[in-house]
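Structure, as structure tokens:
The numbers here are math on the coordinates, done by the rules we state, and not lab data. What you see is a predicted model, and the numbers here were worked out from it, not measured in a lab. A quick note on method: Cβ atoms are made from the backbone with ideal geometry, for glycine too, and the neighbour counts reach across all protein chains shown.
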Protein chains: 2
Amino acid sequence: MTGFSSGCREFEKLSQIPDLSSFGIREGISEVIVSTGFESPNAAPIGIITKGGKPFVRLFKGSHTWANVAKERYLASNVVYDPLLFVRSTFFDLEPSEFEYVPAGGFKFPVLKEAIAWVVFECVNVKNTDQALIADLVPVEAGFNEGHRKDLPVLNRGFNAVLEATVHATRYQLSGDEKYLELIRHYETLASKCGGDGEKKAMKLLYEVLGI
Amino acid sequence: MTGFSSGCREFEKLSQIPDLSSFGIREGISEVIVSTGFESPNAAPIGIITKGGKPFVRLFKGSHTWANVAKERYLASNVVYDPLLFVRSTFFDLEPSEFEYVPAGGFKFPVLKEAIAWVVFECVNVKNTDQALIADLVPVEAGFNEGHRKDLPVLNRGFNAVLEATVHATRYQLSGDEKYLELIRHYETLASKCGGDGEKKAMKLLYEVLGI
């Protein structure tokens, strides 16, 4: 939080709102990895919801992402196509060396080195409910990592299955409901059948985390 | 088939095999739209299977794609991120105006104007079984449509749900098994919740096709 008092909030916003679709945020729910935390960077998969061109998030209480945003009011979306990184960032802390700091207004904000594109957002109109924090997102800065753009994302049902399994795994951890295990096993079959090495490693890790 | 006799087969192959992952074909099953047919272009979603770096396809008998490949021994993979185009090309013939012809060796081959990247493959070691044609794929030519690369693909569970629903819809049409309808309804909920306009239009069309 060094150098991030309320007086520092008047940094320059982007003179023009970037076309968010060029940076991986589009109408509907865009599944990205959100990085937060000026001092102690953290990353976790979050769906950024866009309705009528306006992006917002719903962050469930208790997570690192929620704690950082509640305190600092900033987050960055990171477009990532690596299935293992989705699983790792869901269940573990990433290494500090996996982040880099990008200039965003008057300060530096952590984004993922693996990101193909990132957008730093200020969180405004913050509302707290019993279960979650809801905030509108105002883009402050956006960028690409050109070195990662050469590999064209591939549509792979196995990759999609890893995403679904990860969502259901977090629900299983919260509720203990066995129906989620059935879904996870269904998606493991799909990841194994359609995925490449990345998908298989990701599902292996997810099974280890769940102890199944 | 004009100008495509066996004598024309000696056109130059790519001097170097392109890095297929840059063109959207990777280990595992890459879901692309395959275009075929020198004279009468056709397009349909196909999973290109890559094992140990070697791509191949399994084409079920009776489809246009199967008929064209059985006769002409060429196909092109088209990387497309438009959910409606996946559904349209599954159930309908695309308009001739939706194709463009790219030079591939000594001839011109149809690819989709909407493709972000395409690869024209020769189909070799063709094996016919009772149900399918199986062929190894040798890349002949590959290209990008730079104009379409600016929009970064977004991970969207709704988009993935449209893909899954389309797979299950074709199985439902073949088998009439009601279990596929249940899966399709599950994915419709996901597409509606997480998708943007494209996903919603795609699912609407899919429901119309199935008459549900």
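Plainly put, the tip 7 Å out from Cα toward Cβ on B:Lys204 is 4.5 nm from that tip on each other copy, the closest given first. Stokes-Einstein diffusion for chain A at 10 °C, viscosity 1.306 mPa s, with a Kirkwood radius from C-alpha pairs, works out to 89 µm²/s.
The mean number of partner chain beta-carbon atoms within 10 angstrom of a residue's beta-carbon across peptide B:27-36 is 5. Go ahead and run the numbers for FRET between A:Thr170 and A:Glu39, Cβ-Cβ distance against an R0 of 22 Å, rounding to 0.05. Approximately 0.30, to the nearest 0.05.
Within chain B, no helix built from a complete DSSP H run reaches 15 Å or longer along its own axis (Cα positions) while carrying a mean Kyte-Doolittle hydropathy of 0.0 or higher. Among B:Gln173, B:Ile134, B:Gly106, which residue has its Cα positioned farthest towards the positive end of the charge dipole of segment B:83-211, with +1 placed on the Cβ of Lys and Arg, -1 on the Cβ of Asp and Glu, and the dipole taken about the Cα centre? Checked the options; the winner is B:Gln173. Available extension along the chain between A:His64 and A:Val209 is 50.4 nm, counting 0.36 nm per residue and deducting the alpha carbon span.
Would you mind listing the distances between the B:Gly106 label point and the same position in each other copy? Use 7 Å along Cα-to-C-beta, nm, one decimal, shortest first. Copy-to-copy label distances for B:Gly106: 7.0 nm.
Distance between the 7 Å Cα→Cβ label points at A:Glu178 and A:Val138: 5.1 nm. Peptide B:77-83 has a mean shielding of 1, counted as Cβ atoms of other protein chains within 10 Å of each residue's Cβ. Projecting label points 7 angstrom from Cα along Cα→Cβ for A:Lys54 and A:Lys127 puts them 1.0 nm apart.
Placing one equal scatterer on every Cα of the protein assembly as shown and applying the Debye formula, the log10 ratio I(q)/I(0) at q = 0.08 Å⁻¹ is -0.47. Sorted ascending by nearby beta carbons within 10 Å, beginning with the fewest, B:Glu114, B:Glu27 become B:Glu114, B:Glu27.
Using a 7 Å projection from Cα along Cα-to-Cβ, the label point at A:Gly52 is separated from the same position in the remaining copies by 5.7 nm, smallest value first.
Inter-chain neighbour count for A:169-177: the average number of beta-carbon atoms from partner chains within 10 Å of each residue's beta-carbon is 0. Each Lys and Arg Cβ is given +1 and each Asp and Glu Cβ -1; about its Cα centre, segment B:21-117 then shows a dipole of about 500 debye.
Start at zero, step by 5 Å, and the Cα-Cα distances of segment B:110-212 spread as 2, 11, 15, 13, 14, 17, 16, 10, 2 percent across the bins.
Assuming charge only on the beta carbon of Lys and Arg (+1) and of Asp and Glu (-1), the dipole of segment A:53-212 about its Cα centre is about 260 debye to the nearest 20. Model label points for B:His148 and A:Phe91, set 7 angstrom from Cα along the Cα-to-Cβ axis, are 3.7 nm apart. Only DSSP H runs of four or more residues enter the estimate; each adds -39500 (n - 2.57), and after division by the residues of the protein assembly as shown the mean residue ellipticity at 222 nm equals -10500 deg cm²/dmol. Taking the Cα centre of segment A:31-79 as the origin and placing charges on Cβ (Lys, Arg +1; Asp, Glu -1), which of A:Pro55, A:Asn42, A:Ala76 is farthest toward the positive end of the dipole? Looking along the dipole axis, the top candidate is A:Pro55.
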